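Here is the structure we will look at.
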C-alpha cells in the first residue's frame, strides 16, 4: 500500500512542479527583458525539506476550538538565478531550453498526479472492499 510519508513526498513534489512551472513561465515572459537573469528551482532542496518534514509528527486539529497548528513552510525554497548571459542585452534566458524544461515539467507533474491518484484509488478499494 502506501504511507503518509509517501503521500507527503508526492504532495511536496507536486508543489515543486507547480513552482517550477511558475518560474519557467516567468523566464519565458521575460525572454526580451534587458538584464533579466534566468531563474530556476532546486529540486534537491525541496526534496530534502519534504523528507525531513514527513518524518515529523503531523498534528491535526480535531476540534475547531483547539489551537491551530503552524502552516507548512513556503514552497518557494531553492530559487536560484542563473548568471550566464546568452543575449546581447544581458538577458540569460534561452527560450528553447525553457520550452524544453516546460514540457519536461508537464510530464513530471502528470506522472505525480497519476501516482497519487493510484494511491487514493488503492485506498478506496481497500475501504470499499472488492465486490
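Return the residue satisfying two criteria in turn: it lies in the stretch 109-131 and is surrounded by 11 or more Cβ atoms within 10 Å (Cβ to Cβ) and more than 20 Å from residue 5 (Cβ to Cβ), and of such residues it is nearest to the chain's Cα centre (by Cα). Out of the qualifying residues, it is 109.
Please work out if residue 13 is in a helix (DSSP H, G or I) and modelled with pLDDT of 60 or more. Criteria met by residue 13. Does residue 51 satisfy the condition of being under 15 Å from the mean Cα position of the chain (by Cα), modelled with pLDDT under 90, within 24 Å of residue 9 (Cβ to Cβ) and outside any helix (DSSP H, G or I)? Taking the combined requirement at face value, the residue does not satisfy it.
Considering the stretch 16-48, and only residues there that are at pLDDT 90 or above, crowded, with 18+ Cβ neighbours inside 10 Å and part of a helix (DSSP H, G or I), the residue that is farthest from the chain's Cα centre (by Cα) turns out to be 27. Kindly establish whether residue 71 is under 25 Å from residue 20 (Cβ atoms) and either modelled with pLDDT of 75 or more or more than 25 Å from the chain's Cα centre (by Cα) (or both). For residue 71, the condition - under 25 Å from residue 20 (Cβ atoms) and either modelled with pLDDT of 75 or more or more than 25 Å from the chain's Cα centre (by Cα) (or both) - is not met. Among the residues of the stretch 88-108, those that are in a helix (DSSP H, G or I) and surrounded by 15 or more Cβ atoms within 10 Å (Cβ to Cβ) comprise 98, 101, 102, 105, 108.
The values are calculated or read from the model by the stated rules, or taken from the named source; none is laboratory data. All of these numbers come straight from a predicted model, not from anything done at the bench. We place every Cβ from the backbone using ideal geometry, glycine too, and count neighbours over all the protein chains shown.
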